[in-house]
Amino acid sequence: MDRLRAAARSELAAWRAPEAAQEELRRLYLDHLHRHPDAMARTCVAGHLTASAAIVDPDGTSAVLTLHRKIGKWLQTGGHCEEGDASLGEAALREAAEESGLSGLRLLPGPIRLDRHRVGCAGGTWHLDVQYAVVAAEREAPLSIDAAESSDLGWFAVEEIPDPTDDACRALVRAAAEAARTRPEPGFAPS
């Protein structure tokens, strides 16, 4: 995970936060990466970096959400980094494909938001989530549900995210929809 930690530091150091609260989180994440060699592993009791993504259609009008089995809320796809992940973006794209069953997903460059939230891992710790926008090739029906993590999965209008959810998910979906509409087409290969 040393390579992933170095990639995370590099990406977060270069990222321009869209607002003051996001900049404060960016600095906190960089400090955490500096102080904790195991910051990428779920065993880091002080907290660990995770990667998630809002999957949106090419027009940025709809998003895929999963009804998280343990949390009981509609949320974006994402989770813990794995040993083979080369970057946080790659981890977010892997999680998006695994949890949605969609093929042809395209990761937009760079994070779009950060979210720090309390979780039950390791008896209670923090997820320092780095969030991305992923664009689906088209608005197709999700192919599968990861029954271990999700009770349901579906497409929702960006402005009509179902309850229960949280403000962090709503903000991420809005940011991902905006990114899909305004960011230039990158040369990323689909998953």
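Can you name every one of the strands (runs of 3 or more DSSP E) wholly within region 31-130 that holds 3 or more residues which are closer than 21 Å to residue 15 by Cβ and either touching an Asp or Glu at 6+ places or on another chain (Cβ under 8 Å) or not aromatic (Phe, Trp, Tyr) (or both)? It comes to 48-56, 77-80, 113-119. Could you list all residues from region 9-21 that are surrounded by fewer than 18 Cβ atoms within 10 Å (Cβ to Cβ) and part of a helix (DSSP H, G or I)? Answer for region 9-21, where residues must be surrounded by fewer than 18 Cβ atoms within 10 Å (Cβ to Cβ) and part of a helix (DSSP H, G or I): 9, 10, 11, 13, 14, 20, 21.
Go through 67, 30, 93 for me and flag whichever is open to solvent by 20 Å² or more (accessible area, probe 1.4 Å), at pLDDT below 95, of a type in the set (A, V, I, L, M, F, W, C) and out of contact with any Cys (no Cβ under 8 Å at 6 or more places or on another chain). That would be 67, the only listed residue that is open to solvent by 20 Å² or more (accessible area, probe 1.4 Å), at pLDDT below 95, of a type in the set (A, V, I, L, M, F, W, C) and out of contact with any Cys (no Cβ under 8 Å at 6 or more places or on another chain). The residues in region 100-111 that are open to solvent by 10 Å² or more (accessible area, probe 1.4 Å) and either without any contact (Cβ under 8 Å) to a residue 60 or more places away in the chain or out of contact with any strand residue (DSSP E or B) (no Cβ under 6 Å at 6 or more places or on another chain) (or both) can be counted, and the count is 5.
Selection of region 112-144 for residues being open to solvent by less than 10 Å² (accessible area, probe 1.4 Å) and either among the acidic types (Asp, Glu) or touching a helix residue (DSSP H, G or I) at 6+ places or on another chain (Cβ under 7 Å) (or both) yields 114, 128, 129, 130, 131, 132, 133, 134, 135. For residue 37, the conditions (1) open to solvent by 70 Å² or more (accessible area, probe 1.4 Å); (2) modelled with pLDDT under 95 are fulfilled apart from (2). Remark: pairs (first residue in region 4-20, over 16 Å from residue 50 (Cβ atoms); second residue at pLDDT 95 or above and in a helix (DSSP H, G or I); Cβ separation under 6 Å; 6+ apart in sequence or on different chains) = 17/23; 17/26.
The values are calculated or read from the model by the stated rules, or taken from the named source; none is laboratory data. These numbers come from a predicted model, not from an experiment. In this analysis, Cβ positions are derived from the backbone assuming ideal geometry, glycine residues included, and neighbour counts consider all displayed protein chains. Quick note on the areas: whole protein, heavy atoms, side chains included, nothing else; ligands and nucleic acids left out. Shrake-Rupley method; radii C 1.70, N 1.55, O 1.52, S 1.80 Å.
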